[in-house]
């Protein structure tokens, strides 16, 4: 006999899905760390980027600095949006929603591409290190998402134990 507080086998989140959620939270933590460090050290980051840009002679350094300043904010603000999206996706994963599974794969590919692109930009070693760590976490997440047990859980066929994403 089960109590309302203890999930039964049909409603429990499978271990591989739980690991996916942990990896998503780890990626989010790394993103938040990177965003925080970029805010705290934004002036040093701007100095580093200006020193490593190949600017033509006579370039207005103040204008270039302002352009780079906006790029720092464009890296920080998406972290908050992704945090909200992750909360919705994690809830969907726990409920067994296929849409959440597809969103995990989509977000992971975008994060992997974004982390790879930052390696081509003039950024300090610590930004690169965090982005490499994020890429490794996302590769592990994609690996788990590709496991047959996970794919079967989120298969496109109508599942008899779920009606509209809720337990029947």
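The values are calculated or read from the model by the stated rules, or taken from the named source; none is laboratory data. Remember, predicted model here, so these are calculated numbers, not experimental data. Positions of Cβ are generated from backbone atoms using ideal geometry, with glycine treated the same way; all protein chains shown enter the neighbour counts.
Just a few scattered comments:
- Every residue from the range 95-110 that is in a helix (DSSP H, G or I) and either buried (at least 17 other Cβ atoms within 10 Å of the Cβ) or at positive phi (or both): 100, 101, 103, 104, 107, 108
- Screening 37, 45, 50, 33 for residues that are closer than 23 Å to residue 131 by Cβ, part of a helix (DSSP H, G or I) and without any contact (Cβ under 8 Å) to a residue 60 or more places away in the chain leaves exactly one candidate, 50.
- Check on residue 65, out of contact with any strand residue (DSSP E or B) (no Cβ under 9 Å at 6 or more places or on another chain), surrounded by 13 or more Cβ atoms within 10 Å (Cβ to Cβ), modelled with pLDDT under 75 and under 19 Å from residue 133 (Cα atoms): no
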